[in-house]
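A short write-up of the structure that comes next.
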Amino acid sequence: MNLNDVIARSLDFFSQQLKLRDIRIIMDLEENLPMIKADPNHLEQVFVNLLINARDAIEEQHNRTPGAQQEGQITIRTHSKRRSVSAEVRDTGTGIPMT
Ligand SMILES: Nc1ncnc2c1ncn2[C@@H]1O[C@H](COP(=O)(O)OP(=O)(O)OP(=O)(O)O)[C@@H](O)[C@H]1O
Ligand SMILES: [Mg+2]
C-alpha cells in the first residue's frame, strides 16, 4: 500500500472536522512513494489520532491566547529515501517540549 493513500483516507474522514474549526491543512506529499507493507486500516487510525491531537493542541493554543488571530494549520509531509518512507505531521498548536 501507499502511505499517501492512507493519509488521503484519514483526511476523508477528518477534514470536515478541521474545516469547521477553520484549521487549514497543508499537504506536501512526495509523488510515487514506494509501496510499504503495513495494515492500511491500522495506519489510517494512526493518522486520525495524530490529526485529533493536532486539532486539540491548536484549540488549546487558541484558548491560551484568545486575542491572537493566528490561523490554525496542520502540515502533512511524506518523503522517501533509500529503502524507507516517512511522514511528518506538524501543527501550530501548543507544541511539545523537546526535553
Ligand atoms: N500535537 C500535539 N501538540 C501538543 N501536545 C500534544 C500533541 N499530541 C499530543 N500531545 C500531548 O500528549 C498527550 C498525550 O496524547 P495522547 O493522544 O496519548 O492522549 P490524549 O490526546 O490526551 O487522549 P486520547 O487521545 O486518548 O483521547 C496529550 O494530552 C497532549 O498533552
Ligand atoms: Mg490523543
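The values are calculated or read from the model by the stated rules, or taken from the named source; none is laboratory data. Because the structure is a prediction, the values reported are computed rather than measured. Cβ sites come from the backbone with ideal geometry, for glycine too, and all protein chains shown count toward neighbours.
Of 29, 51, all but one fail to be surrounded by 14 or more Cβ atoms within 10 Å (Cβ to Cβ), in contact with a Phe, Trp or Tyr (Cβ under 6 Å, 6 or more places away or on another chain) and modelled with pLDDT of 95 or more; the exception is 51. Taking the criterion of being crowded, with 16+ Cβ neighbours inside 10 Å and part of a loop (DSSP other than H, G, I, E, B), would at least one residue in region 2-21 satisfy it? There is at least one residue in region 2-21 that is crowded, with 16+ Cβ neighbours inside 10 Å and part of a loop (DSSP other than H, G, I, E, B). Restrict the check to region 66-77 and report whether at least one residue is of a type in the set (Val, Ile, Thr) and more than 9 Å from the chain's Cα centre (by Cα). No, region 66-77 contains no residue that is of a type in the set (Val, Ile, Thr) and more than 9 Å from the chain's Cα centre (by Cα).
Filtered by the rule that a residue be in contact with a Ser or Thr (Cβ under 9 Å, 6 or more places away or on another chain), within 12 Å of ligand 2 (Cβ to nearest atom) and not polar (S, T, N, Q), region 22-53 gives 46, 48, 50, 51. If you go through region 65-89 and keep only what is loosely packed, with under 15 Cβ neighbours inside 10 Å and within 16 Å of ligand 1 (Cβ to nearest atom), you end up with 65, 70, 88.
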